[in-house]
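Below is one structure, written out as structure tokens; the observations come after it.
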Amino acid sequence: MILIIKNIPSITQESELGEFVAPALKFCLLLPFKLGNILKTDIFCLKNIKTNVLSFHGRIFIDDEKAGKLAIKKLHGKRFKNKIVEVREYFIRSHKNDRRLTQKPVSTDILEKRKGERRCNIKHEGQAAAYTNVFDTENIYQISRRLRDDAYDY
């Protein structure tokens with residue numbers, strides 16, 4: 001099983017990642033024993049092209065499925081070097097099965113029709129819109145934000 005640990009600090013070493021996962025592979029009723037072994041660790045970096053933000057993730061190769069699932073339960077949401085990490089199973093995907101390649105593009109007529117049916121730009125007297133549309137070349141996203149006069153606990 002391959003685990004992915006998302007949002008690790010940029011200064012993380014592979015050995016530190018292994019030391020973080022190793023205690024989660026131990027099972028203890030009366031006497032502690034190991035369920036699985038770490039075969040390999042590696043760290044990779046992803047760059048968001050639009051925002052130029054780097055995010056670091058780690059992969060852990062474990063020899064046992066049961067040990068991997070136990071490690072996911074124990075480590076998901078835990079703190080690693082003062083950052084809360086997300087631990088999931090890593091799936092190797094084939095480009096042959098990618099639905100995005102066979103998907104037909106949506107025509108601009110349909111996008112414009114749908115845009116006209118939305119009520120997101122309704123403004124009340126002296127207030128900003130409750131939603132803001134953000135457009136890119138292919139998709140339309142809707143980002144919600146609170147209005148200033150909402151009740152906040154400061």
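Here are some notes:
- Calculated FRET efficiency for the pair residue 26/residue 98, C-beta based, R₀ 30 Å, to 0.05: 0.20
- Applying the criteria of a DSSP loop state and at most 15 other Cβ atoms within 10 Å to the chymotrypsin sites (Phe, Trp or Tyr not before Pro) of the stretch 1-56 yields no site.
- Each of residue 49 and residue 78 was given a label point 7 Å from its Cα along the Cα-to-Cβ line. The distance between the two points is 3.6 nm.
- Charge dipole (debye, nearest 20) of the stretch 1-68; +1 at Cβ of Lys and Arg, -1 at Cβ of Asp and Glu: 240 debye
- Prolate/oblate/rounded call for the stretch 41-96, Cα gyration tensor, a/c under 1.5 rounded: oblate
No lab work stands behind these numbers, since they all come straight from the coordinates. It should be emphasised that the depicted structure is a prediction, and the values quoted were computed from it without experimental measurement. Positions of Cβ are generated from backbone atoms using ideal geometry, with glycine treated the same way; all protein chains shown enter the neighbour counts.
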